[in-house]
Amino acid sequence: YDAHHLVVTYPHAGTSSSQLFKGENSQCLFEGLSAIFEHVGGAPTVIRFDNMSTAVSKIRAYGDRKETEAMLRFKCHYGFKSVYCNPASGNEKGSVENAVGYVRRNLFVPVPTFDNLEEYNKELLIKCDAELNETHYRHGVTKSELFKEDKEKFIPLPGKRFEAVSYTEAKTNNYGIISFEKNRYSTGGSLRKSEVTVKAGAHHVEIFTKNGELIVSHRRLYGENKESVKWGPYLRVLASRPMALKY
């Protein structure tokens, strides 16, 4: 499948961290940043972002930005400040553009294969660390020495990791299926025309009853017109009405 990679650069040290995702939603962005913060042991005091819709809902006059509610909550959780590049100003993000090319050439050629994206992302952070052993082209010392100076200024991590999820209300159809972001997910055979709550993360979708009881957990689907069916919650109905299986 097509994938998108998140890249965070540390210009002083000339190094970077990367994570791979199936989409570019806010859950992917904040899940990736949280994983990177935990791996390096802290959060930078200031992070410069592009004007991505997951972080910025509106560009105001004089360079002001209206940030999304999710971005505001994420910043409050880790305590860093955000600044944004000017639109159509590629010269302001040379560090990250160079890092994107470096990651592609060194980590994604040949195209990697894996069974579990979450486990691969853990390995990817370790692979990114190999860059720390290189000598900085201008300072003449290893990048790891410069990165130690960066980390001395990092903000300590909070006691709990940010939960990068969204909550949405949905209604099942006659077969206990819900539609979420142009894809379909099963719930249970007894949940025909029922109101449910959808908890969506970067990798998983969990569906709950209105009373907060977990019904089923799915791998999150990306793209359109795909369907994920878990048969376990349907077995009781199918046992009493086996002919219903063809529907």
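Evaluate the following for Val46: is it more than 15 Å from Arg161 (Cα to Cα), open to solvent by 70 Å² or more (accessible area, probe 1.4 Å) and in contact with a strand residue (DSSP E or B) (Cβ under 6 Å, 6 or more places away or on another chain)? Spell out the reasoning first.
Values: more than 15 Å from Arg161 (Cα to Cα): yes; open to solvent by 70 Å² or more (accessible area, probe 1.4 Å): yes; in contact with a strand residue (DSSP E or B) (Cβ under 6 Å, 6 or more places away or on another chain): yes.
Answer is yes for this residue.
Is it fair to say Arg184 is part of a loop (DSSP other than H, G, I, E, B), open to solvent by 20 Å² or more (accessible area, probe 1.4 Å) and not polar (S, T, N, Q)?
On the way: part of a loop (DSSP other than H, G, I, E, B): no; open to solvent by 20 Å² or more (accessible area, probe 1.4 Å): yes; not polar (S, T, N, Q): yes.
No.
Quick one: is Ile177 more than 27 Å from Gly23 (Cβ to Cβ), surrounded by fewer than 18 Cβ atoms within 10 Å (Cβ to Cβ), in contact (Cβ under 8 Å) with a residue 40 or more places away in the chain and of a type in the set (Val, Ile, Thr)?
Values: more than 27 Å from Gly23 (Cβ to Cβ): no; surrounded by fewer than 18 Cβ atoms within 10 Å (Cβ to Cβ): yes; in contact (Cβ under 8 Å) with a residue 40 or more places away in the chain: yes; of a type in the set (Val, Ile, Thr): yes.
No.
Any residue in the range 212-231 that is open to solvent by 50 Å² or more (accessible area, probe 1.4 Å) and either farther than 30 Å from Gly23 by Cβ or hydroxyl-bearing (Ser, Thr, Tyr) (or both)?
Within the range 212-231 (the criterion being open to solvent by 50 Å² or more (accessible area, probe 1.4 Å) and either farther than 30 Å from Gly23 by Cβ or hydroxyl-bearing (Ser, Thr, Tyr) (or both)), the answer is no, since none of the residues qualifies.
So, restricting to strands (runs of 3 or more DSSP E) that lie completely within the range 1-109, which ones have at least 1 residues that are touching a His at 6+ places or on another chain (Cβ under 9 Å)?
Numbers: elements: 4-10, 15-21, 46-49, 56-59, 65-67, 81-84.
Once the strands (runs of 3 or more DSSP E) in the range 1-109 are filtered for at least 1 residues that are touching a His at 6+ places or on another chain (Cβ under 9 Å), what remains is 15-21.
Could you list all residues from the range 137-165 that are surrounded by fewer than 16 Cβ atoms within 10 Å (Cβ to Cβ) and either under 17 Å from Ile215 (Cα atoms) or among the aliphatic types (A, V, I, L, M) (or both)?
Val141, Ile155
The rows are residues; the columns are (1) within 18 Å of His12 (Cβ to Cβ); (2) open to solvent by 30 Å² or more (accessible area, probe 1.4 Å); (3) among the polar types (S, T, N, Q).
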position	(1), (2), (3)
Ser53	no, yes, yes
Val56	no, no, no
Tyr62	no, yes, no
Cys76	no, yes, no
Asn98	yes, yes, yes
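Only one residue in Asn25, Asn86 is under 30 Å from Thr113 (Cα atoms) and open to solvent by 20 Å² or more (accessible area, probe 1.4 Å), so which one is that?
Working: Asn86 fails: under 30 Å from Thr113 (Cα atoms).
Step by step, each of Asn25, Asn86 is checked, and only Asn25 is under 30 Å from Thr113 (Cα atoms) and open to solvent by 20 Å² or more (accessible area, probe 1.4 Å).
Going by what's in this entry, would Glu119 be described as acidic (Asp, Glu), surrounded by fewer than 17 Cβ atoms within 10 Å (Cβ to Cβ) and under 18 Å from Pro11 (Cα atoms)? First the steps, then the outcome.
On the way: acidic (Asp, Glu): yes; surrounded by fewer than 17 Cβ atoms within 10 Å (Cβ to Cβ): yes; under 18 Å from Pro11 (Cα atoms): no.
Answer is no for this residue.
Give me the pairs, please: first residue somewhere in the range 98-120 and among the aliphatic types (A, V, I, L, M), second residue anywhere and assigned to a helix (DSSP H, G or I), beta-carbon distance under 6 Å, and either six or more positions apart or on two chains.
Hits for this filter: Leu107/Lys127.
Among the listed residues Glu149, Glu145, identify the single one that is under 25 Å from Pro11 (Cα atoms), in a helix (DSSP H, G or I) and in contact (Cβ under 8 Å) with a residue 40 or more places away in the chain.
On the way: Glu145 fails: in contact (Cβ under 8 Å) with a residue 40 or more places away in the chain.
Residue meeting the stated conditions: Glu149.
Find the residue count for the range 187-215, including only residues that are in contact (Cβ under 8 Å) with a residue 24 or more places away in the chain, within 21 Å of the chain's Cα centre (by Cα) and in a strand (DSSP E or B).
Qualifying residue count, the range 187-215: 6.
So, in the range 131-161, exactly how many residues are in contact with an Asp or Glu (Cβ under 9 Å, 6 or more places away or on another chain) and of a type in the set (S, T, N, Q)?
The total comes to 2.
The values are calculated or read from the model by the stated rules, or taken from the named source; none is laboratory data. These numbers come from a predicted model, not from an experiment. Note that we place each Cβ from the backbone using ideal geometry, even for glycine, and neighbour counts take in every protein chain shown. SASA here: full protein model, heavy atoms, side chains in, ligands and nucleic acids out. Shrake-Rupley method; radii C 1.70, N 1.55, O 1.52, S 1.80 Å.
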